[in-house]
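Heads up: the structure comes next, in structure tokens.
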Amino acid sequence: PQPLPKVEMMLRGGVPTSRKRSLLAAASALNALFLLPRARVSAAAFSCSSWNSFGLRTTCTSSTTCACSAVRRQHHRLTSSERRQYWKSSSSVVFSSSVRDEVATAAEEESSFDAKNTRSGSERWNSLVGNRTIQSLLVCGDGDLSYSASIAPQLAELGISLTATVLEDKDTHHATYRQSEQHAQTISSYDMHEVRFGINATDLATHFPPSVSNDEEDNSAITFDRIQFNFPHWRGKANNRYNRELLDNFLRSAADFLSDGVGEVHVALCEGQGGGTAQTKKAWRESWKAAEYACMNGLLLRSVSPYEPEYDLSSHRGMDRSFKVGNLPKKYIFSKPDMDADVKVGKKLQLCCRHELHVNLPPQGEGLRSGSVYSIDDVVEGNAIQKIIEGVVDPGIRVEVPMRRVLTPQEAQSEFSVAVFLVIYCGESSTLTRDQADGYRAALEEEVQKHLPLRSNRAGRLVSRPFPYPLLSNLVYHYLQNKD
């Protein structure tokens, strides 16, 4: 990498005068750093371009530490975007072997992702778990009932009962939508189908109460093999806050009406709304965070696939008008975790939380605390930490320690060297929430202290907000692409 020419281009492009000296000084320091032989850089110098403790730091074994010090001094004076440019070209990261293998094929997996998750024909009426034809379908918020009317004949042939619902009462719906009566008649013409008006998808319990029977054991709630809501949207113009609330409330309501074992919730969302496969922080933050709200309501994101509406889209903000769904609308499929079925979610759909673990290393010549079964090498290489984490998490939670580094006493501003680990918790066959992940973090710190003391000023910190796994893997992938 050649930072200096890049900085000169930035200067010609109009960087404020107040930053020119800092930019040139940092670029010169980086160029000097890259002239150092690779052997002079300590093997214990680890860094990463995304997390606080994995900043722009390099420890040299030779006397030429002035370049590294200059970089550290100068990067604090730059803007965040300018720092990222230097991070991409100057950091050295130690990754676990599993992460190296995964990120090497990230681009290939992304290109084939949509194709292998697409189902067509009668297969789309099969459940993901068990792969059997569903027996009942509840459609919520079906606009002018055009979707339900379009699938009613095929469902009748397959013996699948359909319950089509809309929020408006019958008179209001007929007055609002021109084809309301026609679609309602089409659906009701089949004995096993019905249309229900005035159904609030976020409060299904009010509209589908438990059946009443003299036998107390038969007083069970109505359940559906599939509950579907196509392109939900808050009535009128709204921001993400209200639409997230709508999605959250719907998933909470629908989760109680799913059939055991095969029940699924299908939600069709416009381009960028779901965020389930977001590859940037911006895309995730601007989405409705479907996977996060699903986990909060006991549901796992099982699949994300392209969705092409084959019916009239005619319910725009509660009016009889069409609406746009973007170039890449997606269908999100959720279901309850089934530990007995041992069904695992693909890594690209897993929701994760992360935190840093800081451990004080004993002085040279000293070992771990009495009774510990691990060595210093086990800790520094991450093997011991990995095993300890796996012992504190619940079944169905996958753990990774993808990055690690060692801080010298000077860098840590401590009398000890400090080993820093990036710890990732992922919901593989069980849901994962932030509170749950923070419980694992607390249990991990308590267990680690039996072997080594923790860095006191970094213990007890809350884990990150949940994020989709591609945010991590793609960060590593692009970092490795730019590194060499």
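The values are calculated or read from the model by the stated rules, or taken from the named source; none is laboratory data. For clarity, every value in this text was computed on a predicted model and none was experimentally measured. Please note: Cβ atoms are built from the backbone with ideal geometry, for glycine as well, and neighbour counts cover all protein chains shown. The area values use the complete protein model at the heavy-atom level, side chains included, leaving out ligands, DNA and RNA. Shrake-Rupley method; radii C 1.70, N 1.55, O 1.52, S 1.80 Å.
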Report task. Over the residues of region 370-473, compute the C-alpha Rg and express it relative to 2.2 N^0.38 Å. Result -> 1.10
Report summary line: With DSSP loop assignment and no more than 16 other C-beta atoms within 10 Å, the trypsin sites (Lys or Arg not before Pro) in region 413-463 are Lys450, Arg461
Query raised in the report: Under a 5 Å amide H to amide H cut-off, with H placed in plane at 1.01 Å, what residues pair with Tyr332 once short-range neighbours are removed?
Result: Val267, Ala268, Leu269
Query - Residue-by-residue Karplus 3J(HN,Hα) for region 143-154, coefficients 6.51, -1.76, 1.60, Hz, glycine and proline x - result: x, 9, 6, 5, 5, 4, 5, 6, 9, 4, x, 5
Report task. Subtracting the Cα-Cα distance from 0.36 nm times the residue separation, let me have the gained length for Ser372 to Ser322 in nm, one decimal. Result -> 11.4 nm
Query raised in the report: Using 1/(1 + (r/R0)^6) with R0 = 30 angstrom and r between the beta carbons of Gln364 and Ala443, what's the FRET efficiency to the nearest 0.05?
Result: 0.50
Requested in this report: Can you find, among Ile376, Leu462, Leu452, the residue farthest towards the positive end of the dipole of region 343-484? Put +1 on the C-beta of Lys and Arg, -1 on that of Asp and Glu.
Outcome: Leu462
Report summary line: Mean shadow area (nm²) of the C-alpha convex hull around region 302-456 is 14.1 nm²
Query raised in the report: Over region 313-448, what is the mean sequence separation of C-alpha contacts under 8 Å (at least six apart), divided by residue count, expressed as relative contact order in percent?
Result: 31 percent
Report summary line: Long-range amide H partners of Gln228, meaning residues 5 or more apart or on another chain whose placed amide H is closer than 5 Å, are Leu138, Val139, Cys140, His266
Query raised in the report: In the full protein assembly as shown, how much of Asp312 is accessible to a 1.4 Å probe, in Å² to the nearest 10?
Result: 90 Å²
Query raised in the report: Kirkwood hydrodynamic radius of region 124-183 from all distinct Cα pairs, in Å?
Result: 12.6 Å
Requested in this report: Note down the Stokes-Einstein diffusion coefficient of region 174-313 in µm²/s, whole number, using a Kirkwood radius over alpha carbon pairs, 37 °C, and 0.692 mPa s.
Outcome: 190 µm²/s
